[in-house]
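**Student:** This structure is in structure tokens; I'll ask about it shortly.
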Amino acid sequence: MEIKRNILLNPGPSTTTDTVKMAQLVPDICPREREFASKMKGLRADLLRIVHADPAEYTSVLFCGSGTINLDVCLNSLLPAGKKALIVNNGAYSTRAADICRYYGLPYIDMKFPIDRLPDLAAVEKALKDDPDIYIVYTTHNETGTGLLNPIRELGEIAHRYGAIFITDTTSSLAMRPIDVQKDNIDFCMASAQKGIMAMTGLSFIIGKKTEIEKSAEYPKRSYYCNLFRQYDYFEKTGEMHFTPPVQTVYAAIQGLKEYFEEGEEAKWARHTRVMNAIREGVDELGFREFLPREIQSGLVSAVLYPDDLNWDFGKVHDYCYERGYTIYPGKVAGSGMFRLCALGAIDEEDIHAFFRVFRAALVNCGVQIPVIYNK
Ligand SMILES: *Cc1c(COP(=O)(O)O)cnc(C)c1O
């Protein structure tokens, strides 16, 4: 079977290999069979290996849902009664975490920083010093809207010094940038199968400390479906998800992990870096500017500012590229127009070179001046 290969430069889902796509074509199976439980057992163990987590200390818990389910589960499940969450917020995804706290009526501090700046660690430390009720320190690792990389190791260290746990949303970095839960001071991290492991949408996972999950059995239960202890406990007792898992998606994730370990952590990060370097070269050559200085970027997302050219029309440029198999994505920051080019997925630098040939043609087609112009 020939499957058309599209190059997705959006921030996930990403381009997958044909072998991952085909891994979903399996004989029908009831997920309550032992055979399926053994598949999930292997998958859960492999997820720990990605972030170098000691299985004696950490576990991974699977959920059926998009990546946001992880944020929801961690925040609603891991906060003891009377305690607070501190959201270190410099982007749209940490804002989402603050929204989740608000929806559940959890006590939280939304500590906002400019979206184009690293958080002020001294301010974070002061908040913890002043408020012994803070039990969760939370931030997003790679703020996918801008591509800003937050200093998780430092934040985790501060959290631990004040007796808090550190939760970080690694959805758009895990299995791309190397992460080591021990060295990076992470108690909980998370991702979904369609990003770093280059598989399909609908399966998400949380990797975290068993002792904290076990303690949370005594915390208020704020959700029936999205409770971390309940799902963990069910896995421990039966090897299964509490409710129906996304069966075929699990098979694709297993194949994605097999390919992840075949490629290797370092080689994969080197490939993403190659892809990002090719993106930056292309962006520079056309005269585009990025939203963030490169020193604080994750190396996985390039957020490019719209030029000040009356002929620039994101929709038209997008459609021209889309029709030719390349997907670009509009920005996520109020105020400044921008689009994103991301280095996720099963792509390499030749794909980026080919993309820029199409992208340049799209600009010419719209009558956009090259190099592009900015008013100031
Ligand atoms: C993709 C992503 C998510 C999850 O988004 P969904 O649309 O729910 O899959 C969460 N956090 C970050 C940082 C992401 O990049």
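**Student:** Out of all the residues in the range 315-343, which are in a loop (DSSP other than H, G, I, E, B), farther than 22 Å from Ala270 by Cα and not charged (D, E, K, R)?
**Tutor:** Gly325, Ile328, Gly331, Val333, Ala334, Gly335, Ser336, Gly337
**Student:** Assuming Thr139 fulfils every condition listed in (1) over 22 Å from Thr273 (Cα atoms); (2) away from the ligand (no atom under 15 Å from the Cβ); (3) touching a residue at least 40 places away in the same chain (Cβ under 8 Å) apart from one, which condition is it?
**Tutor:** Here Thr139 meets the rest and fails (2).
**Student:** Suppose the filter is buried (at least 18 other Cβ atoms within 10 Å of the Cβ) and either farther than 30 Å from Leu118 by Cα or out of contact with any His (no Cβ under 8 Å at 6 or more places or on another chain) (or both); does Leu75 pass it?
**Tutor:** Judged against the criteria, Leu75 is a match.
**Student:** Still on this structure: Give the residue, chosen from Phe291, Phe261, that is in contact with a strand residue (DSSP E or B) (Cβ under 8 Å, 6 or more places away or on another chain) and at pLDDT 95 or above.
**Tutor:** Within the list Phe291, Phe261, the selection yields Phe291.
**Student:** In the list Tyr224, Tyr232, which residue meets the criterion of being over 24 Å from the mean Cα position of the chain (by Cα) and closer than 21 Å to Leu79 by Cβ?
**Tutor:** Answer to the selection: Tyr224.
**Student:** Can you list residue pairs whose Cβ atoms sit under 6 Å apart, with the first residue in the range 21-33 being more than 17 Å from Gln194 (Cα to Cα) and the second being of a type outside the set (Phe, Trp, Tyr) and not in a loop (DSSP other than H, G, I, E, B)? Count only pairs 6 or more apart in sequence or on different chains.
**Tutor:** Pro31/Val247
**Student:** Taking the residues in the range 1-27 that are exposed (fewer than 13 other Cβ atoms within 10 Å of the Cβ) and at pLDDT below 95 as candidates, determine which candidate is farthest from Val358 (Cα to Cα).
**Tutor:** Selected residue: Met1.
**Student:** Tally the residues that are surrounded by fewer than 23 Cβ atoms within 10 Å (Cβ to Cβ) and polar (S, T, N, Q), restricting the search to the range 134-162.
**Tutor:** Within the range 134-162, residues that are surrounded by fewer than 23 Cβ atoms within 10 Å (Cβ to Cβ) and polar (S, T, N, Q) number 0.
**Student:** Another question about this same structure. Does Phe36 satisfy the condition of being within 16 Å of the ligand (Cβ to nearest atom), touching a Cys at 6+ places or on another chain (Cβ under 9 Å) and touching a residue at least 12 places away in the same chain (Cβ under 8 Å)?
**Tutor:** No.
**Student:** Counting just the residues of the range 95-126 that are small (Gly, Ala, Ser) and more than 22 Å from Ile213 (Cα to Cα), which one comes out nearest to the ligand (Cβ to nearest atom)?
**Tutor:** So the residue we want is Ala123.
**Student:** In the list Ala159, Ala191, Ala199, Ala164, which residue meets the criterion of being near the ligand (Cβ under 10 Å from one of its atoms) and hydrophobic (A, V, I, L, M, F, W, C)?
**Tutor:** None of the others qualify; the one that does is Ala191.
**Student:** Now for a different question. Ala127 is checked against (1) within 24 Å of Gly12 (Cα to Cα); (2) among the small types (Gly, Ala, Ser); (3) surrounded by 17 or more Cβ atoms within 10 Å (Cβ to Cβ) and fails just one. What number does that condition carry?
**Tutor:** (1)
**Student:** Specify the residue that is farthest from Asn6 (Cα to Cα); the eligible residues are those in the range 167-188 that are within 15 Å of the ligand (Cβ to nearest atom), touching a Lys or Arg at 6+ places or on another chain (Cβ under 8 Å) and not small (Gly, Ala, Ser).
**Tutor:** Filtering the range 167-188 for residues that are within 15 Å of the ligand (Cβ to nearest atom), touching a Lys or Arg at 6+ places or on another chain (Cβ under 8 Å) and not small (Gly, Ala, Ser), the one farthest from Asn6 (Cα to Cα) comes out as Phe188.
**Student:** Out of everything in the range 150-169 that is under 19 Å from the mean Cα position of the chain (by Cα) and touching a residue at least 40 places away in the same chain (Cβ under 8 Å), what residue ends up being nearest to Pro114 (Cα to Cα)?
**Tutor:** Asn150
**Student:** If you don't mind, another one. So how many residues does the range 344-365 have that are under 22 Å from Met198 (Cβ atoms) and assigned to a helix (DSSP H, G or I)?
**Tutor:** 7
The values are calculated or read from the model by the stated rules, or taken from the named source; none is laboratory data. Computed from a predicted structure; not experimentally measured. Don't worry about glycine lacking a Cβ; one is built from the backbone with ideal geometry, like all the others, and counts go over all protein chains shown.
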